[in-house]
Amino acid sequence: MPAAELNACHIIPEFTAADQGDFTLVNNWQFDGRGSDLRPIGPYNRLQSQRPTKVFGPMVHSVTSQTINVEWWTSSDGVNSELAWGEDEKCSKKAGDAYASGCYHSVSLTGLEAGKTYYFRVDSRQPAFEFHTNRELAEADLLKPRTSVSSAVLSATTPMAPAEPRQFYVANNGADTAVGTREAPWRTVAKAMQVARAGDTVFVRTGTYNEQIFLRASGEPGRPLTLRNAPGEKVWLEGCNQKLTCGLIINNKRHVVIEGFHMRNYGSIGGGAISINGGSDISIRKVFYDGRSPIYTPPPVSARMTHRLSVSNVFYTRGFHGLVFYQCPDLEVSHCVSYISQIGAIAVYNLPSQ
């Protein structure tokens, strides 16, 4: 920048030990924020130290005659983590979405044979923590090897016959130490998700529920896992004054039905009030989303790489975004209403083949 230019500055870099090859800036604070887009002046390479990735699990959440629901945790939310599985300990098949963010990971192995043993392990890759203004250095980083870590190989055996469908209840006056019946309901939806499996229906009774709900099991063809309001009752899923970024999180699940909820007050740093990653045959219906807020709010439904997703009778008002879908083949959206959305009503980012 010429010296005569407005806001021009002259800064002399001070290095830690240039004569020994250590060019770490001592006065880096003088350079920060003075370049374009509030970046430091000139080319730079910023390294962020990190601890080695750790995998906690995997663990079997539940097993049916056709499905094994597996979950695990990683020490960082930036780790790419997926499930390797198969009919022997080689685990040559891959399942799940390797790029779903978060420390909690959940994958359902579906379409399995009854009475058979399956093997699985978790493969995770360390995220890259280097940032460059130089394009050539950024491109070179793509070729650098990334540290991988794998869990031990575990196994699970599917039962010979499907279990009978069950009904569970959640209510504001319930207790998670109860049995989950209409007469003795649970207090939290999270408790119900801990128990529910393919074929089960969870009814949530009138009230407000301040919790982030992870679906931990898949349904099966003709035996979906259903989470819905009790018929005729008004249920609010509440984001705790935008402290929660998502209300419902559905990662790598199949044959799931979500129905009859009111949702509001979710923060903007997240996929959506209902966030879906991967999976297939998911139905979202009869949802009311109140997007009124002084700051940004997430979309009512955000889905990525989900096959045969159906969204119907969803009403959303005064939010910043509408429905958002990324690479969702065979998507069906019907009878949805957007009222005064500030940016858009619906956005679909599908490939031409989808």
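Please enumerate the residues belonging to the stretch 50-72 that are farther than 30 Å from Ala161 by Cα and either modelled with pLDDT of 95 or more or surrounded by 17 or more Cβ atoms within 10 Å (Cβ to Cβ) (or both).
Thr53, Val55 - these are the residues of the stretch 50-72 that are farther than 30 Å from Ala161 by Cα and either modelled with pLDDT of 95 or more or surrounded by 17 or more Cβ atoms within 10 Å (Cβ to Cβ) (or both).
Condition first: in contact with a Pro (Cβ under 8 Å, 6 or more places away or on another chain) and among the hydroxyl-bearing types (Ser, Thr, Tyr). Now tell me which residues in the stretch 187-243 satisfy that.
Thr201
For the stretch 325-343, what are the residues that are among the hydrophobic types (A, V, I, L, M, F, W, C) and surrounded by fewer than 20 Cβ atoms within 10 Å (Cβ to Cβ)?
Leu331, Val333, Val337, Ile340, Ile343
Looking at (1) closer than 22 Å to Phe288 by Cβ; (2) at pLDDT 95 or above, can you tell me which one Asp330 breaks?
Looking at each condition in turn, Asp330 falls short on (1).
Considering only residues of the stretch 209-231 that are touching a Lys or Arg at 6+ places or on another chain (Cβ under 8 Å) and not in a strand (DSSP E or B), which is surrounded by the fewest Cβ atoms within 10 Å (Cβ to Cβ)?
Ala230
Take the stretch 1-23 and flag every residue that is touching a Phe, Trp or Tyr at 6+ places or on another chain (Cβ under 9 Å) and either assigned to a loop (DSSP other than H, G, I, E, B) or at pLDDT 80 or above (or both).
Matches in the stretch 1-23: Ile11, Pro13, Phe15, Thr16, Ala17, Asp22.
What number of residues within the stretch 284-301 are part of a loop (DSSP other than H, G, I, E, B) and surrounded by 18 or more Cβ atoms within 10 Å (Cβ to Cβ)? Break it down stepwise before answering.
So in the stretch 284-301, the residues part of a loop (DSSP other than H, G, I, E, B) come out as 291-300.
Then drop every residue that is not surrounded by 18 or more Cβ atoms within 10 Å (Cβ to Cβ), which leaves 291, 293, 297-300.
Result for the stretch 284-301: 6.
Does Arg304 qualify as being under 27 Å from Asp200 (Cα atoms), touching a residue at least 60 places away in the same chain (Cβ under 8 Å) and surrounded by 23 or more Cβ atoms within 10 Å (Cβ to Cβ)? So that I can check it myself, show each step before the final result.
Numbers: under 27 Å from Asp200 (Cα atoms): yes; touching a residue at least 60 places away in the same chain (Cβ under 8 Å): yes; surrounded by 23 or more Cβ atoms within 10 Å (Cβ to Cβ): no.
Here the answer is no, as Arg304 does not meet what is asked.
So that you can scan it fast, the table gives a plain yes or no per residue for (1) in the same structural domain as Asn241 (by TED's automatic domain parsing); (2) outside any strand (DSSP E or B); (3) farther than 27 Å from Ser108 by Cβ; (4) not polar (S, T, N, Q):
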position: Ile282; (1), (2), (3), (4): yes, no, no, yes
position: Ala303; (1), (2), (3), (4): yes, no, no, yes
position: Val311; (1), (2), (3), (4): yes, no, no, yes
position: Gly319; (1), (2), (3), (4): yes, yes, yes, yes
position: Ser338; (1), (2), (3), (4): yes, no, yes, no
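The values are calculated or read from the model by the stated rules, or taken from the named source; none is laboratory data. The structure presented is a predicted model; accordingly, all values stated were derived computationally and were not measured. Cβ: placed from backbone, ideal geometry, glycine included. Neighbour counts: every protein chain shown.
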